[in-house]
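Accompanying notes for the structure given below.
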Amino acid sequence: MKKILIVDDEPNVHYSFRKVFSEDYCILSASSGEEAIELLNEEIPDLVIMDIRMPGMGGLAVLKKIKIMEPRLHVIVMTAYGTMETAVEAIRLGAYDYTLKPFDIDWMKTTISNALSMTEMMKRNVTISPSQDHEPNGDLMVGDSPEMQEVYKSIGQVAGKDITVLLTGESGTGKELVARAIYRHSMRKDRPFMAMNCAAIPDNLLESELFGYEKGAFTDARLKKIGKLEQLNGGTIFLDEIGDMSLSLQAKMLRVLQEMAFERLGGNETIKVDIRVIAATNMDLKRAIAEGKFREDLYYRLNVASIHLPPLRERKEDIPDLVRYFIKKSKAELKKEVKDIDSLALKALMGYLWPGNVRELENIIKKAIVTCKSEVIFFEDLSFGEGINVVHPLGKEGEPIKGLSDSLDKFLDRLFFLSSKENLDAISYMEKMLIVKAMKRTEGNQVKAAGLLGINRNSLRRRMEKYGIKKEVRISSK
C-alpha cells in the first residue's frame with residue numbers, strides 16, 4: 001500500500017484521514033513539523049499532506065526541508081480561510097496543490113490519486129539496453145534494429161542538454177517512454193516531471209490546467225488555482241499530441257518557450273518559470289502549418305532537437321524481443337504463469353502490419369496471457385480486434401497452406417522443376433516438416449491435416465509412412 005504522511009496538530013484531522021483513506025493507503029501521522037522531519041529521516045513516504053499553520057516549525061519551513069531531502073516527494077498543503085496567499089507561496093516552493101479546511105473528500109481522493117500517479121511516473125526508470133532485465137519499477141525500450149539504435153543515440157545526445165525536444169512518430173511507437181528516458185538522464189532528473197495529453201483534455205480545461213486562473217476569472221472560479229507550469233517550476237513537462245492544441249493556446253505556449261513567462265487566466269501578474277518542454281505529435285506538423293492549423297514559429301521553437309520514432313512495421317526484427325519482454329512484464333502484472341510463445345503465433349505477429357504499433361502489440365500479448373490455457377501462447381490465443389482477420393501461418397481449416405498454391409502436390413512439382421537433384425533431400429525435409437506442423441496444429445487429426453495441406457487422407461497417410469511420422473502427433477506445451 002502507498003504510504004501517506006499526514007502532518008497536522010489537530011487530532012480530528014488524523015482521525016478523518018484514517019476513517020476515509022485507511023482501506024486504500026497506509027496512513028502515517030505526525031503532529032508537528034519537527035516530528036514530520038524525524039519520520040522523513042527514517043522513511044520517505046509516497047505523499048505528504050500537511051497543514052501550513054502549526055505550532056513550532058510551520059508548514060512552509062517543513063516544505064523547504066522536504067524539498068531538500070527528497071525533491072520529487074509531492075506535498076499537498078491544507079490551509080484555513082484567510083491564508084490563501086500563504087498557500088500560493090507554498091506552491092511556489094514546490095507543493096503539489098493546496099486545499100481549504102475542511103477539505104472536500106472527493107477532491108482529496110482525486111488529488112491524492114493524481115499526485116501518486118505523477119510520483120510513480122517520476123520514479124519509473126527507463127532502460128534502453130535490450131540486453132538488461134527491466135527493473136520492477138521501470139520500463140525497457142526494446143530493440144536492436146538499426147532504427148532503434150538511432151533513437152538510443154539521439155536520446156543520449158539531447159538528454160544532458162537543457163533544450164526543447166520534439167518527438168515525432170505514429171501513435172503507439174513509445175514517445176512517452178523516450179520523453180521519460182530524456183528526463184531520467186537530464187540535469188532536471190531530481191525535479192518534477194509531468195505528462196499531459198493535449199488531445200485528451202478539452203481546450204478550455206487544458207488552458208486552466210497549464211496556466212492556472214485567478215479567483216473570479218470565470219463563473220466557477222471560486223478560488224485561485226495554480227497551473228501545472230507554475231507547479232513544475234524547475235522541472236520538465238511532456239506535452240503529448242501537441243499538434244491537437246488550439247491556435248490560441250499555441251500562442252501562449254510560444255511565449256512560455258520564448259520568455260519563460262505567462263499570466264494566469266483572469267490575471268495581470270506575469271509569472272516567471274524555469275521549465276523544460278518535451279513535446280510529441282503523431283501529426284505531420286509541416287502539413288499542419290501549410291493548412292493553417294499549427295503555428296510555424298512555435299514549430300521552430302519546439303524543434304530545437306527532434307527524435308523520430310519508427311513504426312513497428314519498419315523494425316519487425318524487434319518483434320520477438322518485444323513479445324518476450326511483454327510476456328515477462330504482463331505475467332507479473334496479471335499473476336499468470338506464461339513462459340513463451342509458439343513459433344507459429346510469433347510468425348503471425350511478424351506478418352501483421354501493426355497500425356497501433358508497440359502499444360497494440362503489448363495489448364495483444366496481455367489479452368493472450370489472460371485467455372491462454374497453457375504456459376505457451378498459441379495462434380488461437382491471439383486476438384487482433386474486431387474486424388481484423390489475420391491468416392493462420394498454416395492456413396485455414398479445409399484450405400491449402402498459404403504459399404503452397406492449390407495443393408502440396410503442385411507445390412512440390414514446382415520445386416522439383418526448379419531444383420537440381422542435389423536439392424531433393426532438402427525438398428523431402430521441407431515436405432516432412434510441413435506434414436508434422438499440420439498434424440500438430442490439428443492435434444493428430446489426419447482428415448483436418450490433409451485438408452490443411454490440400455491433399456487427400458490416403459496421400460497424407462502414404463507420406464507419413466514414407467517419412468516415419470507417427471500418427472500420435474500432438475501439440476507440446478513445453
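The chain: longest stretch without exposed GluC sites (Glu not before Pro) (DSSP loop, at most 15 other Cβ within 10 Å), sites themselves excluded? Walk me through the numbers before you get to the answer.
Values: sites that count: 23, 43, 269, 291, 337, 375, 386, 397, 443, 472.
The segment 44-268 is the longest one with no such site.
Pull out a ≥ b ≥ c, the square roots of the eigenvalues of the alpha-carbon gyration tensor of the range 139-310, then state rounded if a/c is under 1.5, prolate if not and a/b is larger than b/c, and oblate in the remaining case. Show your work: numbers first, answer last.
Details: a/c = 2.08, a/b = 1.59, b/c = 1.31.
In terms of gyration-tensor shape, prolate.
What is the set of long-range amide H partners of residue 294 at a cut-off below 5 Å, with H atoms built 1.01 Å from backbone N?
Sorted by chain and number, the residues that satisfy this are 289.
Please work out which option in [x] 4, 16, 21, 20, 16, 10, 7, 5, 2, 0; [y] 4, 21, 31, 26, 14, 3, 0; [z] 4, 16, 20, 23, 22, 12, 2, 0 gives P(r) over Cα pairs in 10 Å bins from 0, in percent calculated from these coordinates, and answer with its label.
The value matching this structure is [x].
May I ask which of 109/335; 109/272; 339/437; 153/336; 2/335 have a Cα-Cα span longer than 25 Å here? Numbers along the way, then the final one.
Details: 109/335 28 Å; 109/272 30 Å; 339/437 21 Å; 153/336 36 Å; 2/335 20 Å.
Result: 109/335; 109/272; 153/336 exceed 25 Å.
In nm, what is the difference between 0.36 nm times the number of residues separating residue 445 and residue 313 and their Cα-Cα distance? Don't skip to the answer; put the middle values down first.
Numbers: separation 132, 0.36 × 132 = 47.52 nm, distance 3.55 nm.
Going from the current span to full extension adds 44.0 nm.
Projected onto the charge dipole of the range 139-310 (+1 at Lys/Arg Cβ, -1 at Asp/Glu Cβ, origin at the Cα centre), which of 212, 271, 168 gives the Cα projection farthest towards the positive end?
271
Using every Cα-Cα pair within the range 86-233, state what percent have a distance larger than 28 Å.
Details: 3382 of 10878 pairs.
Above the 28 Å cut-off, the range 86-233 has 31 percent of its Cα pairs.
Restricting to the range 139-310, what percent of DSSP beta bridges are antiparallel, rounded to 5?
Restricted to the range 139-310, the bridges split so that about 20 percent are antiparallel.
Would you list the P(r) distribution for the range 236-393, with all Cα-Cα distances sorted into 10 Å bins from 0 and each bin expressed as a whole %?
Each 10 Å bin holds this share of Cα pairs: 9, 29, 20, 18, 17, 6, 1.
Run the simple label-point estimate for residue 272 and residue 80 please: 7 Å along Cα→C-beta, distance reported in nm.
Between residue 272 and residue 80, the label points sit 3.5 nm apart.
May I ask what percent, to the nearest 5, of DSSP beta bridges between residues of the chain are antiparallel? Intermediate results must be reported in sequence, preceding the final value.
Details: 5 of 45 bridges.
Percentage antiparallel, nearest 5: 10.
Suppose each label sits 7 Å from its Cα in the direction of the beta carbon; what would the residue 246-residue 456 distance come out to in nanometres?
Once both label points are built, they end up 7.4 nm from each other.
Roughly what would the spin-label model give for residue 384 and residue 2, points 7 Å off Cα along C-beta, in nm?
Inter-label distance under the simple model: 3.8 nm.
Exposed loop sites here are chymotrypsin sites (Phe, Trp or Tyr not before Pro) in DSSP loop states with at most 11 other C-beta atoms within 10 Å. What is the longest stretch of the chain lacking them?
No qualifying site falls inside 219-478, the longest such stretch.
Please list the non-local residues whose amide H lies under 5 Å from the amide H of residue 193, H modeled 1.01 Å from N, same-chain partners needing a gap of 5 or more.
236
Step through the residues of the range 106-112 one at a time and calculate ³J(HN,Hα) from phi using the Karplus curve (6.51 cos²θ - 1.76 cosθ + 1.60, θ = phi - 60°), rounding each to whole Hz and writing x for Gly and Pro.
5, 4, 5, 4, 5, 5, 4
Give me, ordered by chain and number, the residues 5 or more places off residue 50 or on other chains with an amide H under 5 Å from its own placed amide H.
7, 76, 77, 78
For the chain, with only Lys/Arg (+1) and Asp/Glu (-1) charged at the beta-carbon, what is the dipole magnitude about the Cα centre, in debye rounded to 20?
Values: 71 positive and 71 negative charges, 388 e Å.
Dipole magnitude for the chain comes out near 1860 debye.
A short reminder: the numbers here are calculations on the coordinates, not readings from a lab. No experiment lies behind these values; they were computed from the predicted model shown. We place every Cβ from the backbone using ideal geometry, glycine too, and count neighbours over all the protein chains shown.
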